[in-house]
Amino acid sequence: MTRYLVLDVFTDTPFGGNPLAVIPEAGALPEASLQKIAREFNFSETVFLYPPQDLAHTARMRIFTPTLEIPFAGHPTIGAAVALAHSGHGPDMVLELGIGPLAARATRTRASFDTSVPLDVLAAPQPALVARALGLPESALKLSTHAPALASVGLPFTLTELTSRDALAACAPDSAAFREGAARHEGALDFAQFAYVREGSTIHARMFAPLDNIPEDPATGSACAALGAFLASLHGTAQNLTVHQGYDMGRPSQIGLSAQDGTVTISGAAVQTMQGDLTI
């Protein structure tokens, strides 16, 4: 049997934040089972941990959504770092991901990581298409700061500012528009949408990826990282923000986000809620 943990990430309250399954010693699992296990948990991501390829590092991570393996994600990195801290690692760590090694710091309750993966702005999806994907009138998109931008620091998201918190709450994703966007934009993967409203240093956000079996994600660190890098580039100034996500779906999350000099730092709390054994 292989042990697993479940943590709620970007919260210090059980059953808030974004749930994550972590398999701390995944080496005995057959390759063909990894995607099936992630689909069985059906969280937005499941993390499989292995010994590092570089012995000076802490662990190698593989991250699976319900439908595919991805090279980078934020809440799995935070949750895995906290799980490793529970096992005696840290506080300083280096985690090996598909985008390369990331420096992290973790205690048994909180973690942060830094990424210097360059911002890649892949496309400028049409506002009308983005509005349809979000189930909103085009007038709900705030275009005065920036048009919708398909951007990535390891995982692509369409970043769209909305006019109000009410508009954000009214989002009603349209899967047909997501399919159209994914077909139209090479490199968009599932055309995941990260919609946000900015109030000073506070961001209210929602993330939708229905083509990846994620109708809505309670907390998306990789999208926050892309947004931080994008806003720092757009405004030419450091960004120090707190992202509130998951409130509209009853799983409140808070994500610390800073971006400056080409480095993005994501931080937040995590709390373990379950543990058990895979019997396969």
Leu150 being farther than 23 Å from Ile70 by Cα, surrounded by 20 or more Cβ atoms within 10 Å (Cβ to Cβ) and either within 16 Å of the chain's Cα centre (by Cα) or of a type outside the set (D, E, K, R) (or both): no
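Is it the case that some residue within region 216-229 is of a type in the set (Gly, Ala, Ser) and surrounded by fewer than 19 Cβ atoms within 10 Å (Cβ to Cβ)? Please lay out each step first, then the result.
Going residue by residue through region 216-229, those that are of a type in the set (Gly, Ala, Ser) are 219, 221-223, 225-226, 228-229.
When the remaining residues are screened for being surrounded by fewer than 19 Cβ atoms within 10 Å (Cβ to Cβ), the result is none.
The answer is no; no qualifying residue exists.
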Residue within region 79-99 that is in contact with a Cys (Cβ under 7 Å, 6 or more places away or on another chain) and not polar (S, T, N, Q) present: no
Residue in region 174-184 that is within 15 Å of the chain's Cα centre (by Cα) and assigned by TED's automatic domain parsing to the domain that holds Leu129 present: no
Single unsatisfied condition, Ala177 versus (1) without any contact (Cβ under 8 Å) to a residue 60 or more places away in the chain; (2) part of a strand (DSSP E or B); (3) out of contact with any Asp or Glu (no Cβ under 7 Å at 6 or more places or on another chain): (2)
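Could you please find all residues in region 1-42 being hydrophobic (A, V, I, L, M, F, W, C) and either in contact with a helix residue (DSSP H, G or I) (Cβ under 9 Å, 6 or more places away or on another chain) or surrounded by 21 or more Cβ atoms within 10 Å (Cβ to Cβ) (or both)? Give the steps one after another, and end with the answer.
Kept after step one, since they are hydrophobic (A, V, I, L, M, F, W, C), are these residues of region 1-42: 1, 5-7, 9-10, 15, 20-23, 26, 28-29, 32, 34, 37-38, 41.
Listed by number, the residues that qualify are Leu5, Val6, Leu7, Val9, Phe10, Leu20, Ala21, Val22, Ile23, Ala26, Leu29, Ala38.
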Residues (part of a helix (DSSP H, G or I) and within 15 Å of Arg206 (Cα to Cα)) located in region 134-169: Leu134, Ala140, Arg165, Asp166, Ala167, Leu168, Ala169
Subset tally (residues that are among the polar types (S, T, N, Q) and in contact with a Leu (Cβ under 7 Å, 6 or more places away or on another chain)) for region 259-280: 3
Complete set of residues in region 213-245 that are assigned to a helix (DSSP H, G or I) and under 13 Å from the mean Cα position of the chain (by Cα): Gly221, Ser222, Ala223, Cys224, Ala225, Ala226, Leu227, Gly228
When residues of region 43-97 are limited to those that are surrounded by fewer than 18 Cβ atoms within 10 Å (Cβ to Cβ) and of a type in the set (A, V, I, L, M, F, W, C), the one nearest to Phe10 (Cα to Cα): Val94
In region 176-210, the residues that are modelled with pLDDT of 95 or more, over 27 Å from Phe10 (Cα atoms) and surrounded by fewer than 23 Cβ atoms within 10 Å (Cβ to Cβ): Ala176, Ala177, Arg179, Glu180, Ala182, Ala183, Arg184, His185
Residues located in region 246-280, provided they are assigned to a loop (DSSP other than H, G, I, E, B) and either crowded, with 17+ Cβ neighbours inside 10 Å or without any contact (Cβ under 8 Å) to a residue 24 or more places away in the chain (or both): Gly246, Gly250, Arg251, Pro252, Asp261
Test: residue in region 116-132 that is in contact with a helix residue (DSSP H, G or I) (Cβ under 7 Å, 6 or more places away or on another chain) and under 13 Å from Met61 (Cβ atoms): no
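So, restricting to strands (runs of 3 or more DSSP E) that lie completely within region 36-125, which ones have at least 2 residues that are small (Gly, Ala, Ser) and at pLDDT 95 or above? Please lay out each step first, then the result.
Numbers: elements: 46-50, 59-64, 92-97, 100-106, 110-115, 120-123.
Qualifying strands (runs of 3 or more DSSP E): 100-106, 110-115.
The values are calculated or read from the model by the stated rules, or taken from the named source; none is laboratory data. Given the structure is predicted, the values throughout are model-derived calculations rather than measurements. When we count neighbours, we look across all protein chains shown, and the Cβ atoms used for this are built from the backbone with ideal geometry, even at glycine.
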